[in-house]
Amino acid sequence: DVKVTQSSRYLVKRTGEKVFLECVQDMDHENMFWYRQDPGLGLRLIYFSYDVKMKEKGDIPEGYSVSREKKERFSLILESASTNQTSMYLCASSWAGDSKNIQYFGAGTRLSVL
Amino acid sequence: AQTVTQSQPEMSVQEAETVTLSCTYDTSESDYYLFWYKQPPSRQMILVIRQEAYKQQNATENRFSVNFQKAAKSFSLKISDSQLGDAAMYFCAYLAPRRTYKYIFGTGTRLKVLA
């Protein structure tokens with residue numbers, strides 16, 4: 001089974017803190033994604049990466065950056081957390097050669113910025 | 001730009017009954033994929049069913065089936081014999097793989113199953 005693991009289920013941070021959200025997948029997937037999930041807005045793509053050190057902005061990249069130094073790990077960074085970044089963050093991965101184009105999701109990190 | 005619309009924020013169904021969740025999308029592409037994902041409370045999102053646009057036959061997976069109407073750009077999910085474990089958020093998603101790896105998600109429908 002594909003396993004996508006997000007390092008924290010719940011996180012509470014202060015405004016202005018630098019926050020790291022970590023995601024690890026164990027299936028050698030090329031593609032990895034960070035989404036933000038808010039009620040009534042669905043899932044919105046923040047960033048995705050299609051290879052090590054490669055990244056592409058999604059629909060809402062402002063206030064976020066990412067790092068992918070190893071194939072299995074994709075980190076989302078909030079340089080200076082703000083209250084409007086309180087949300088559920090979902091990581092996903094997929095295999096570039098998969099004709100079914102299925103994404104596999106982690107359990108999510110619920111971040112509260114106070 | 002492609003969009004995905006789920007017009008039902010919340011639905012309820014009696015256990016053992018059938019429920020249909022609606023999804024419409026807008027695209028000018030001819031080659032694309034559609035998905036339904038399920039997100040149970042406090043658990044990770046999993047794929048329920050997928051449909052390839054070039055296939056006319058509606059996809060089915062056990063109690064889950066879709067009604068894919070390409071001309072109408074409609075992709076509804078039918079859950080038969082609903083079970084308490086079907087209670088979840090359901091997201092419809094669209095992908096045009098020739099252009100991007102990026103899904104476009106709808107806003108979700110919360111399904112409640114009543115015992």
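The values are calculated or read from the model by the stated rules, or taken from the named source; none is laboratory data. Computed from a predicted structure; not experimentally measured. Glycine gets a Cβ as well: all are built from the backbone with ideal geometry, and neighbour counts include every protein chain shown. What goes into the accessible areas is simple: the full protein's heavy atoms, side chains included, and nothing from ligands, DNA or RNA. Shrake-Rupley method; radii C 1.70, N 1.55, O 1.52, S 1.80 Å.
How large is the translational diffusion coefficient of the protein assembly as shown in µm² per second when you combine the Kirkwood radius over alpha carbon pairs with Stokes-Einstein at 4 °C and 1.567 mPa s?
71 µm²/s
State the percentage of accessible surface on chain A attributable to carbon and sulfur atoms; use a 1.4 Å probe and exclude ligands, DNA and RNA.
The C+S portion of the solvent-accessible surface of chain A is 50 percent.
In nanometres, what is the gap between the two model label sites at B:Thr100 and B:Gln57, each 7 Å from Cα along Cα-to-Cβ?
3.2 nm
What is the local net charge at A:Thr109, summed over the other residues whose Cβ is closer than 13 Å to its Cβ (Lys, Arg +1; Asp, Glu -1)?
+3
So if R0 is 22 Å, what FRET efficiency would A:Arg110 and A:Tyr50 give, r being the distance between their Cβ atoms, rounded to the nearest 0.05?
0.25
Might you work out the accessible area of A:Thr109 for me, using a 1.4 Å probe with all protein chains in place, and round it to the nearest 10 Å²?
Accessible surface of A:Thr109 is approximately 0 Å².
Using a 1.4 Å probe, what is the accessible area per residue for chain B, in Å²?
51 Å²
So, in nm, how far is label B:Glu10 from label A:Asp38 when the simple model puts each one 7 Å beyond its Cα toward the Cβ?
It is 2.0 nm.
I'd like the accessible area for B:Lys70: 1.4 Å probe, protein heavy atoms, all chains in place, Å² to the nearest 10.
Accessible surface of B:Lys70 is approximately 80 Å².
Using Cα centres only, tell me the gap between segment B:7-84 and segment A:54-114 in whole Å.
Taking the Cα centre of each part, segment B:7-84 and segment A:54-114 sit 25 Å apart.
So, R0 is 22 Å and r is the distance between the beta-carbons of A:Lys100 and B:Lys112; what FRET efficiency does that work out to, to 0.05?
0.15
Just the Kirkwood number for segment B:20-115, please: inverse of mean 1/r across all distinct Cα pairs, in Å, one decimal.
13.8 Å
Place a point 7 Å from the Cα of A:Ser82 along the Cα-to-Cβ direction; which residues of segment A:1-44 have their backbone N under 13 Å from it?
It comes to A:15-17, nothing else.
Considering only B:Leu84, B:Leu21, B:Leu34, give the residue with the highest GNM mean-square fluctuation for chain B, with springs between Cα atoms whenever their separation is below 10 Å.
B:Leu84
Would you mind computing, in nm to one decimal, how far apart the modelled labels at A:Ser7 and A:Ser67 are, each placed 7 Å from Cα along Cα→Cβ?
Here the answer is 0.9 nm between the modelled labels.
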